[in-house]
Amino acid sequence: MIRKITLASVATMALLFIPAQAEEGMKCQAGKCGAGVMEKSSKSGEKCHKGKKGHKMYHKMGHSSPLLMHLPSPMRMIMKLENDPKLALTAEQKAKLEAQRKEMMPKMMKLKKEIAALSKEIKKACKKNVPAADQKERVEKLAKLKTEATMTKLTCIEGVKATLNKEQLGYLKELRKAKMAKMKAKMKGMKKEMSSKCGAQHKKDNTGKCASNK
């Protein structure tokens, strides 16, 4: 009963979350949905991040994820650190983690393919100006698939936590912190670079707004 309520709650969140993403990051304008464009408005003007670089950055921020929200990937880390002496996995732990991985990965791969295909259908319909009401069934199905993928990932994380000891979990946490700090610094550098290019284009065009990169 509790599991059903949880799934229903997460599905409801998804229905709220997906339209919000669509509104914020992928606006339908003149029948074009997204097309590699990220647009944000601010009091000082319009910041345009267009083209391949902006498109890749947009997807790195999690908008192409099959999950409802960002979640850590301890299993992926463990696969790379399986023989790390600092992690020091026992033979029993390795066997348990391998069993969990074999159970989880086929499910996630299947869900990812279904989610990607359905997302493509929704975007294609958006480009063709299909009414939102006619998209409802697809969006609800997408929400259910993302809910299932998120629950599968949470179950995997739970399994890893139950298999590793406190010291091992602490080691993974420190590695994750270091990785996030590195990623944050990289994103900051990319943002600074794009702002610099935008400012240079502003001076060149003297338009008062950042011009699109073509």
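Read-outs throughout are calculated quantities, based only on the coordinates presented, and are distinct from any laboratory measurement. What you see is a predicted model, and the numbers here were worked out from it, not measured in a lab. In this analysis, Cβ positions are derived from the backbone assuming ideal geometry, glycine residues included, and neighbour counts consider all displayed protein chains.
Cross-linked pairs Lys128/Lys192; Lys141/Lys173; Lys86/Lys110; Lys124/Lys144: Cα-Cα separations exceed 27 Å for Lys128/Lys192; Lys141/Lys173; Lys86/Lys110. Legend: residue pairs Lys120/Lys188; Lys112/Lys146; Lys161/Lys184, Cα-Cα distance threshold 19 Å; pairs beyond threshold, Lys120/Lys188; Lys161/Lys184. Between Met187 and Ser73, the contour length at 0.36 nm per residue exceeds the Cα-Cα span by 39.1 nm. Note on Lys141 and Lys123: the model spin-label points, each 7 Å out from Cα along the C-beta direction, lie 1.8 nm apart. Would you please state which residues of the stretch 163-195 a label at Ala95 would reach in this model, taking the label point 7 Å out along Cα→Cβ and a backbone N cut-off of under 18 Å? Only 163-165 pass the distance filter.
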